[in-house]
1. Return the total of residues in region 1-55 being assigned to a helix (DSSP H, G or I), under 13 Å from the mean Cα position of the chain (by Cα), surrounded by fewer than 14 Cβ atoms within 10 Å (Cβ to Cβ) and not hydroxyl-bearing (Ser, Thr, Tyr).
2. Do you know which residues across region 127-146 are in a helix (DSSP H, G or I) and over 23 Å from Glu51 (Cα atoms)?
3. Counting only residues that are of a type outside the set (Gly, Ala, Ser) and part of a loop (DSSP other than H, G, I, E, B), which one in region 80-93 is surrounded by the fewest Cβ atoms within 10 Å (Cβ to Cβ)?
4. Has region 67-79 got at least one residue that is in contact with a Ser or Thr (Cβ under 8 Å, 6 or more places away or on another chain), at pLDDT below 90, on the phi > 0 side of the Ramachandran plot and assigned to a loop (DSSP other than H, G, I, E, B)?
5. Hey, among the residues in region 105-126 that are surrounded by fewer than 17 Cβ atoms within 10 Å (Cβ to Cβ) and closer than 18 Å to Thr48 by Cβ, which one's nearest to the chain's Cα centre (by Cα)?
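The values are calculated or read from the model by the stated rules, or taken from the named source; none is laboratory data. Given the structure is predicted, the values throughout are model-derived calculations rather than measurements. Reconstructed Cβ throughout: ideal geometry from the backbone, glycine too, with neighbour counts over all protein chains shown.
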Amino acid sequence: MLTHLQISEDAHTLFGFVDEEERRLFKLLITVSGIGCNTARMMLSSMTVAEIEQCIVSENAQKLKGIKGIGEKTALRVILELKSKLRKEGITPSTVSHLKIKDEATAALLTLGFAKNAIDKTLDNLLKTSPSANVEDLIRNALKAL
């Protein structure tokens, strides 16, 4: 489990994350003026990392406003401040959809009882050989490879 320790005058708060992507996005979100740890946590519990990144890079303020505690000004500020940072990391609308396909395939294969490490390795190899594969093809080919 990955963590982030937030130290304030009156408390030490520890936040836990499932994976590095979630923690990375959390740290990016709390750099935005008006977004604190609790709001960033609320965003991550309302949407997946890929969905939040998709909203930011595609400038979809409406979807961000659907998250409790996020108004129009905050949604626009998040987009304005994080869009260029995400693009520097190589995240574009096409890579976000690529990540979403991998996440869906991973969830399906985990449900079938395969080990996460084996799934990640197999899906990465499959996506290198056929980057335009859809979720169904990816799962079918992964089942053959696993």
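1. If we filter region 1-55 for residues that are assigned to a helix (DSSP H, G or I), which is where we start, we get 20-29, 37-46, 49-55.
Within this subset, residues satisfying the condition of being under 13 Å from the mean Cα position of the chain (by Cα) are 20-29, 40-41, 43-46, 49-55.
From what is left, the residues that are surrounded by fewer than 14 Cβ atoms within 10 Å (Cβ to Cβ) are 20, 27, 45.
If we keep only those that are not hydroxyl-bearing (Ser, Thr, Tyr) as well, we get 20, 27.
Residues flagged as assigned to a helix (DSSP H, G or I), under 13 Å from the mean Cα position of the chain (by Cα), surrounded by fewer than 14 Cβ atoms within 10 Å (Cβ to Cβ) and not hydroxyl-bearing (Ser, Thr, Tyr) within region 1-55 amount to 2.
2. Step one: of region 127-146, the residues in a helix (DSSP H, G or I) are 127-129, 135-145.
Passing the criteria: Thr129, Arg140, Asn141, Ala142, Leu143, Lys144, Ala145.
3. Filtering region 80-93 for residues of a type outside the set (Gly, Ala, Ser) gives 80-83, 85-89, 91-93.
Subset that is part of a loop (DSSP other than H, G, I, E, B): 89, 91-92.
Details: Glu89: 12, Ile91: 21, Thr92: 15.
Looking at the filtered set, the residue picked out is Glu89.
4. Checked against the condition, which is being in contact with a Ser or Thr (Cβ under 8 Å, 6 or more places away or on another chain), at pLDDT below 90, on the phi > 0 side of the Ramachandran plot and assigned to a loop (DSSP other than H, G, I, E, B), region 67-79 yields at least one hit.
5. As a first pass, look at region 105-126 and keep what is surrounded by fewer than 17 Cβ atoms within 10 Å (Cβ to Cβ): 107, 110-118, 120-121, 124-125.
So of that shortlist, the ones also closer than 18 Å to Thr48 by Cβ come out as 107, 110-111, 116, 120.
Details: Ala107: 14, Leu110: 18, Thr111: 20, Lys116: 17, Asp120: 16 Å.
It comes out as Ala107.
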